[in-house]
Amino acid sequence: MNISLRQLEAFCKIVETGSFSKAADEICLTQSSISERIASLEEEVGARLFDRFGRKVFLTDAGRFFYVRAKRLLEEKERICLEIQDFLGLKKGELKIGGSTIPGEYLLPTVIKRFHDTYPLIDIRVTVNDSKKIQEMVLDGYLHLGIVGFIGEHKNPNIEAIKIWKDELVVVVPKGHKWSDKKEIEAQDIIKEPFIIRERGSGTLRVMEQYLKKYIGSSEELNIIATLGSSTAVKEGVKSGLGISIISIKAIESELNAGLVSALRIKGVKMIRYFYLIWDKRRTKSPASQAFIEFMEGEKEL
């Protein structure tokens, strides 16, 4: 059955005005055109919808049955049109954002709060995972946007990325460690210490390995005693005296202020990396996604 909304509109208008000619005037059709629409509608339905007595029209039993349902469909069409206008006007919608560990746990919450203040009816959902997984989820369409600390030397051609935040990795040691009062150490010094690293797929680990490769060779030279799945877990390991590590300075701000850990640099090295806002350029951005991208342009800290 092939029934159009225009046919339903013509049918309901005739019912409401009680006249083919009046209905035709209201929806800007000729009387012959509206008659053709009703004739084709009755053919599709397989039943007469109107009885005609001169200029008067009356609904048949089938017409009364059909009118209730046709009216419901037209009301649903109006509701959909209003909702899409709300969606396009950012009065409602959903935004799924993924963040790698550092932005997801330490940076995104305050940014989301400011964005929510501007767009209070947007439903924002945040997923935290490592950089590699967040990129995969963006490409698979599970996330609209991602914020990651590593996009690789050979970035996926479907990923669009803009730099939004600058970050620094530092050597972190527990309170009372022999290096607690130092500002710098030699690169070779960290080889001797028990070392905690992040899991494979972590942007922090990849950036750390890139820098250390220049000064101590492979990260396999480190005395690795634990591999942990988040910066929070790494911090707790360091604080407990399990070992030292290299993590984002943004992840240890409260611990530094409380004197629970110390941050050091490797002499002659500043381990700088950037966080990137990413999306799949093959996909049409929703109004909420576009609004967040524009919002983040104003949040850049480079």
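Among Thr204, Thr60, the ranking by other beta carbons within 10 Å of each residue's beta carbon, starting with the fewest, stands as Thr60, Thr204.
Pairs of Cα atoms nearer than 8 Å and 6+ residues apart set the relative contact order; for the chain it is 21 percent.
Quick check on the exposure proxy: order Ser35, Ser254, Ser100 from fewest to most C-beta atoms within 10 angstrom.
Ranked by crowding around the Cβ, least crowded first: Ser254, Ser35, Ser100.
Taking a quarter of the surface of the Cα convex hull of the chain gives a mean projected area of 22.2 nm². Computed over the alpha-carbon atoms, region 5-88 gives an Rg to Rh ratio of 1.02, Rh here being the Kirkwood radius from the mean inverse distance. Report, in listed order, any pair from Lys77/Lys281; Lys175/Lys250; Lys235/Lys300; Lys113/Lys250; Lys132/Lys192 with a Cα-Cα distance greater than 22 Å. Over 22 Å apart, Cα to Cα: Lys77/Lys281; Lys235/Lys300; Lys132/Lys192. With θ taken as phi - 60° and the Karplus curve 6.51 cos²θ - 1.76 cosθ + 1.60 applied, the whole-hertz 3J(HN,Hα) list for region 260-268 is 7, 9, 10, 10, 10, 9, 7, 3, x Hz, x standing for glycine and proline.
Value of Rg to Rh for region 58-104, rounded to two decimals, is 1.45; Kirkwood radius and Rg both from alpha-carbon coordinates. The tail of the calculated P(r) for region 226-301, taken as Cα-Cα distances beyond 16 Å, holds 65 percent of the pairs. Here region 118-164 is treated with +1 on each Lys and Arg Cβ and -1 on each Asp and Glu Cβ, and its dipole about the Cα centre works out to around 100 debye.
Here region 92-302 is treated with +1 on each Lys and Arg Cβ and -1 on each Asp and Glu Cβ, and its dipole about the Cα centre works out to around 180 debye. Report note on the peptides 117-126, 158-167: ranked by the mean count of other C-beta atoms within 10 Å, highest first, their order is 158-167, 117-126.
All of the numbers you see were taken from the coordinates with simple rules; none came from a lab. Keep in mind that this is a model prediction, so the values were computed, not measured. Don't worry about glycine lacking a Cβ; one is built from the backbone with ideal geometry, like all the others, and counts go over all protein chains shown.
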